[in-house]
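Just so you know, all these numbers are worked out from the coordinates, no wet-lab data involved. Being a predicted model, the structure only gives us computed values, none of them experimental. Ideal geometry is used to build each Cβ from the backbone, glycine not excepted, and the neighbour counts take in all protein chains shown.
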Amino acid sequence: MHRSTDGGLHWTLVVTASHTSPEGRATLPPVEELLPRGADSPASVLRINDAHTGVAYTLDGAAWMTATLEIEAGDRLLALLPSPNFAGDRTAFVVTQRAIWRTQDGGVTWSQWEESRFADPNDFDRKISSAAITPLLADGGVHLYLGTRQGEILAIDPSAMRWSAPSGAGAEAAQAQAPSPPSATLQSETQSGEPPAGLYRPTGALALIWENNPLIQQALGFAAAPQPVSSAAAIQRFDRGVMVWVEENGRIYAFLDDGRWFAYEDTFREGEPESDPAFAPPAGKLQPVRGFGKVWRRHPELREAIGWALAREEPATALRQPFEKGEMLGVGAYVFALSGENEGIWY
């Protein structure tokens, strides 16, 4: 782990460790040393719902209400980032794949970033994939750090962003909303200690994501195989997601932008029709062919959800590792953590 205290201009090595070392996990320095300007998190008055489709807030610590965020269909909520000074400024940010929202009153009203470069729903690569907030900086402000599917890391100053007028029904109307049930998502904990017999801590290329994401650890459990398996694969982008073929297990996966995934057996055989002229794509779109096309045509619910292909399928290499409650799949620059057996939620 490296740390920068000047916005990324210079970096200092903080700790070095191996996932496979006999000593197990490395111990991080104390938080006050690792984050000199950090502070303990405030008592939670905001939380993400279990489906990652909305945010709940409380004004009294007892009754929970649904925040009035207008998250578009097909978008997916990634992170809820309270300000390090939340107790004083009541500010927090919600980051989705396409947008960023801000509250300055503890969740009652919200403003949206008006210049989001990620808003185009048809641009699969131009999406936010992760987000974090800094501790308080020397000037008393914070920066948001955004990771993108293109491999970028962007540092953004919220005070320099242009925000829409706050939206929401206001505190009085919000109080009248029915309370939301508590979310189990906030209870996620890391998978510490040694795994049970026959299970493994993941190693290799997929381990870093699993080790650093307690939500994925809780959703998937430990690995069911000691190492991921590499095989040939193919990937194709669609209006609202992506499809992946993996040779090793003969399956075709569909990953939707709304966070759902489905898996199908690849039954396409050479000599079968590769496409169907009855399915005429609109201008600029394509009908998927061969294995992807066969699944797409046979499952109208998938066809409706994922839309038309945006480009031809591309060859790739896949890394796949089964887990107790799902699997992890790396294809090219993408890594999917799949909760479920033949369908479920991906992270």
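Data overview
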quantity	calculated
Efficiency of FRET between GLU272 and ALA138 - r from beta-carbon atoms, R0 51 angstrom, step 0.05	0.20
Gain in span if fully extended, SER130 to GLU304, counting 0.36 nm per residue against the direct Cα distance	59.9 nm
Surrounding net charge for ALA224, when Lys and Arg each add one and Asp and Glu each subtract one, Cβ distance under 14 Å	0
Simple label model, 7 Å out from Cα along Cβ direction - GLU248 to GLU324, nm	2.1
Contact order relative to length of region 208-347, as percent, for alpha carbon pairs under 8 angstrom and 6 or more apart	31
Peptides ranked, highest mean first, by Cβ atoms within 10 Å: ranges 222-231, 98-107	98-107, 222-231
Farthest toward positive dipole pole in region 204-346 [+1 Lys/Arg, -1 Asp/Glu at C-beta], among MET243, PRO288, PRO226	PRO288
Lysines whose Cα lies under 23 Å from that of LYS294, excluding same-chain neighbours fewer than 8 positions away	LYS285
Charged-residue dipole, Cβ positions (Lys, Arg, Asp, Glu), region 204-346 about Cα centre, Debye nearest 20	240
Per-peptide average of other Cβ atoms within 10 Å, ordering 233-246, 265-278 highest first	233-246, 265-278
Distance (nanometres) between label positions extended 7 Å along Cα→Cβ at ASN212 and GLU343	3.3
Residues whose placed amide H lies under 5 Å from that of GLY332, excluding near-sequence neighbours	THR317
Segment ILE156-ALA197, extension gain: residue separation times 0.36 nm, minus the distance between their alpha carbons	10.2 nm
Highest to lowest packing among 147-160, 66-79, scored as the average C-beta count within 10 Å	66-79, 147-160
Using a Förster distance of 56 Å, the FRET efficiency for ALA232-THR5 (Cβ separation, nearest 0.05)	0.80
Förster-model FRET efficiency, 30 Å R0, LEU13 and ALA205, C-beta, rounded to 0.05	0.85
